[in-house]
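Following: one structure in structure tokens, then a few remarks.
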Amino acid sequence: MDVICLGLSHATAHVELRERFAVPASELSRATLRLGSVRAIDEAVILSTCNRVEFYAAAERAEDGFDGILQFLGENFGLCGGDRSIFYRYDAPLSIRHLFRVVCGLESMVLGETEIFGQVKKAYGAASAGGMTARHLNKLFQRAFRVAKEVRSGTSITRGPVSVGSVAVDLAEKIFGELASRKVMILGAGEAGEQTARALFSRGAKSILVSNRSHDRAAGLAAELGGRAIHFDEWDREFHDLDIVISSTAAPHPILTREKLAPVMAGRKNRPLFAIDLAVPRDIDPAVNSLEGVFLYDIDSLQAIARNSIELRRQELSVCEKMIERHVADFSGWLAGAMAPMAAGS
Amino acid sequence: MDHPLLIASTFCFFLGLCHTLYTLRTGSRLAVSFHFYAIACGFLLQSAFLFSRGHALGRCPLTNLFEVLVFLSWSMVLLYLVIGPAYRLSLLGAFTSPLAFLLQLFALAMRLDSAPYKRPAPNPWIELHAAISVVACGAFALAGVAGVMYLAQERQLKTRRLRPMFFQLPPITALAVANSRLLWTGFGLLTAGLLAGFAVGRPLDWEKAAALCVWLLYGGMLLADTRHNVGPRKVALFSVLAFTLMMSMLWGINFLSEQRPL
């Protein structure tokens with residue numbers, strides 16, 4: 001028995017191709033059942049995310065297994081002969097190593113991201129619930145989850161924020177702790193500001209104020225985020241009890257200066273202010289960072305932190321790979337042992 | 001000999017120190033439970049040492065600088081074990097164990113454990129004064145630890161250069177609150193200790209004068225913060241500097257009081 005993987009991912013195929021073979025979550029169980037019913041395939045799991053579509057199978061012979069998956073793709077997704085080369089194909093031990101790397105987030109677009117762990121669990125859960133997994137794939141996937149947990153806890157591969165939004169959220173939590181009771185203001189209803197606000201919102205920030213030169217746009221975004229719109233000439237009146245300000249207006253000069261903020265900070269009684277300036281040219285005078293309790297980050301500094309986190313994650317890659325290799329060797333040994341009696345019998 | 005208990009306790013704190021250094025260097029996740037158990041073991045051994053010493057002396061073991069340093073380390077760890085989990089400042093332990101280690105290593109390495117003095121009969125008020133004052137110093141020591149953490153975190157946030165330790169440290173608002181509460185706790189205890197000291201009616205000596213100076217120093221800072229809102233950064237800086245000054249004074253008092261018990 002061999003364990004095989006056939007698939008395509010963000011690294012090998014454009015989105016147009018990936019979406020052609022994507023399996024919606026609602027169809028996953030049925031699709032797995034259909035794949036498992038192909039003659040050459042004994043066990044099957046389908047992993048379909050926005051970045052990859054992969055078919056894992058246990059088959060007597062790897063080549064028959066690959067043919068079986070391609071036959072399934074032809075019947076269900078209209079795969080023609082010429083398209084066969086777009087898929088990567090792995091048999092053991094490459095397939096084992098590949099799955100372990102995928103679950104650990106080493107094959108993800110954002111190195112070390114953890115969402116993939118849950119997606120693989122769901123894929124395996126759907127196959128397992130439909131009776132499409134048995135001895136080989138059960139053991140393989142359970143080992144993969146174990147490897148991922150080990151890698152996550154033993155290395156810094158998931159450490160540090162890697163996008164502007166997540167950097168902002170992490171910084172906010174390092175300043176305030178819980179964000180649930182924090183008041184956030186968005187100045188300028190641009191996309192960058194909105195995304196950052198949404199990231200804060202997803203971590204519990206409740207009270208959101210939106211101010212924009214066009215009040216209608218501010219009102220629209222405020223309604224979407226469950227916040228309150230305020231007129232653009234009134235935004236500075238709210239500063240006395242504000243915790244986080246995200247600014248991304250199109251103003252040609254700084255709209256928040258040290259002179260304007262200093263008296264406000266004096267009256268806030270040690271309450272810090274986290275100022276996120278996403279605008280170019282900048283909305284907030286860099287000198288405000290020298291005020292006690294004010295922490296100013298512009299777009300460059302947020303991006304630099306994200307890049308630094310990615311670099312730190314890259315440095316952890318070799319440690320992760322060593323951990324994975326140990327498990328690949330161990331699992332390959334088990335698989336070879338499991339295959340030996342079958343080979344002797346055939 | 002009770003030193004093996006103290007050496008074992010110091011070793012526990014040394015393990016905590018090694019773990020802190022490793023964590024800060026590599027940026028790997030801090031095993032909070034490891035730290036808690038290292039500190040808890042160190043505390044139990046410290047307690048056993050102090051109990052054994054107190055039993056042998058027939059009084060509170062605060063008769064020389066060696067015992068004062070161990071008692072100070074014990075007070076700091078005790079306060080950490082009480083407030084650390086309550087304020088979710090488990091990482092405070094990562095910085096507490098190095099300070100406890102340094103205090104005890106200094107006490108052991110400098111051979112401060114001099115021969116027993118000829119002391120007057122134990123006076124419960126003096127012992128209470130000394131014990132409460134040293135526990136107050138423990139609170140000030142822990143405030144100093146929180147101050148160092150606050151300053152480290154604040155500096156990284158201001159300069160935007162985030163080191164791996166940044167993600168390990170608690171939020172600065174939590175550190176500022178812990179720092180302030182520890183200062184108030186220490187000040188309250190020191191006030192009680194001074195009252196107990198004055199209740200004896202003994203004339204003002206070097207130790208009482210020094211305790212009074214420390215009381216005025218911390219009291220002045222807390223008053224200034226209450227009235228004029230000094231700001232958490234200056235309070236954190238004060239906590240570190242005042243604790244350093246206090247330790248220097250302790251050394252000075254020991255020198256000045258020569259062979260007299262503390």
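In a residue-by-residue description of segment A:320-333, the property of being within 13 Å of chain B (Cβ to nearest Cβ), at pLDDT 90 or above, open to solvent by 80 Å² or more (accessible area, probe 1.4 Å) and under 25 Å from the mean Cα position of the chain (by Cα) applies to no position. Find the residue count for segment A:272-317, including only residues that are surrounded by fewer than 18 Cβ atoms within 10 Å (Cβ to Cβ), modelled with pLDDT of 90 or more and farther than 26 Å from residue A:158 by Cα. Summing the residues that are surrounded by fewer than 18 Cβ atoms within 10 Å (Cβ to Cβ), modelled with pLDDT of 90 or more and farther than 26 Å from residue A:158 by Cα in segment A:272-317 gives 5.
So which of A:210, A:264 ends up being under 25 Å from residue A:180 (Cβ atoms), out of contact with any strand residue (DSSP E or B) (no Cβ under 8 Å at 6 or more places or on another chain) and of a type in the set (A, V, I, L, M)? Among A:210, A:264, only A:264 is under 25 Å from residue A:180 (Cβ atoms), out of contact with any strand residue (DSSP E or B) (no Cβ under 8 Å at 6 or more places or on another chain) and of a type in the set (A, V, I, L, M). Restricting B:193, B:231 to residues that are farther than 30 Å from residue A:310 by Cα, away from every other protein chain (no Cβ under 14 Å), open to solvent by less than 40 Å² (accessible area, probe 1.4 Å) and of a type in the set (Gly, Ala, Ser) narrows the list to B:193.
Residue pairs whose Cβ atoms lie under 7 Å apart, sitting 6 or more positions apart in sequence or on different chains, and linking a residue in segment A:135-161 that is within 20 Å of residue A:96 (Cα to Cα) to a partner that is modelled with pLDDT under 85 and not aromatic (Phe, Trp, Tyr), are A:136/A:1.
Residue-level check: of (1) in contact (Cβ under 8 Å) with a residue 60 or more places away in the chain; (2) within 25 Å of residue A:160 (Cβ to Cβ); (3) more than 14 Å from every other protein chain (Cβ to nearest Cβ), residue A:283 misses just (2). Restricting attention to segment B:213-228, the residues that are hydrophobic (A, V, I, L, M, F, W, C), open to solvent by less than 60 Å² (accessible area, probe 1.4 Å) and over 10 Å from residue B:187 (Cα atoms) total 2.
Do you know which residues across segment A:234-251 are among the charged types (D, E, K, R) and either open to solvent by less than 20 Å² (accessible area, probe 1.4 Å) or on the phi > 0 side of the Ramachandran plot (or both)? Listed by number, the list holds a single entry, A:243.
Would you please name the residue that is most open to solvent (accessible area, probe 1.4 Å), looking only at residues in segment A:127-175 that are within 13 Å of another protein chain (Cβ to nearest Cβ) and among the polar types (S, T, N, Q)? Among those that are within 13 Å of another protein chain (Cβ to nearest Cβ) and among the polar types (S, T, N, Q), it is A:153. Can you tell me which residue in segment B:95-151 is modelled with the lowest pLDDT, limited to those that are of a type in the set (Ser, Thr, Tyr) and more than 13 Å from the chain's Cα centre (by Cα)? The qualifying residue modelled with the lowest pLDDT is B:117. Scanning segment B:169-186 for residues that are open to solvent by 10 Å² or more (accessible area, probe 1.4 Å), more than 10 Å from chain A (Cβ to nearest Cβ) and more than 13 Å from the chain's Cα centre (by Cα) yields B:181, B:184. Within segment B:199-214, the set of residues being closer than 17 Å to residue B:126 by Cα, free of Cβ contacts under 8 Å to residues at least 40 places away in the same chain, in a helix (DSSP H, G or I) and of a type outside the set (Lys, Arg) comprises B:209, B:212. Within this structure, residue A:18 fails the test of being open to solvent by 10 Å² or more (accessible area, probe 1.4 Å), more than 22 Å from residue A:115 (Cα to Cα) and not aliphatic (A, V, I, L, M).
Exactly one residue among A:312, A:302 is within 10 Å of another protein chain (Cβ to nearest Cβ), of a type in the set (A, V, I, L, M) and closer than 30 Å to residue A:142 by Cα, and that residue is A:312.
Against the condition surrounded by fewer than 18 Cβ atoms within 10 Å (Cβ to Cβ), within 30 Å of residue B:169 (Cβ to Cβ) and within 25 Å of the chain's Cα centre (by Cα), how does residue A:193 come out, does it pass? Answer is no for this residue.
The values are calculated or read from the model by the stated rules, or taken from the named source; none is laboratory data. Treat the numbers as computed from the prediction; the structure is a model and nothing was measured. In this analysis, Cβ positions are derived from the backbone assuming ideal geometry, glycine residues included, and neighbour counts consider all displayed protein chains. SASA here: full protein model, heavy atoms, side chains in, ligands and nucleic acids out. Shrake-Rupley method; radii C 1.70, N 1.55, O 1.52, S 1.80 Å.
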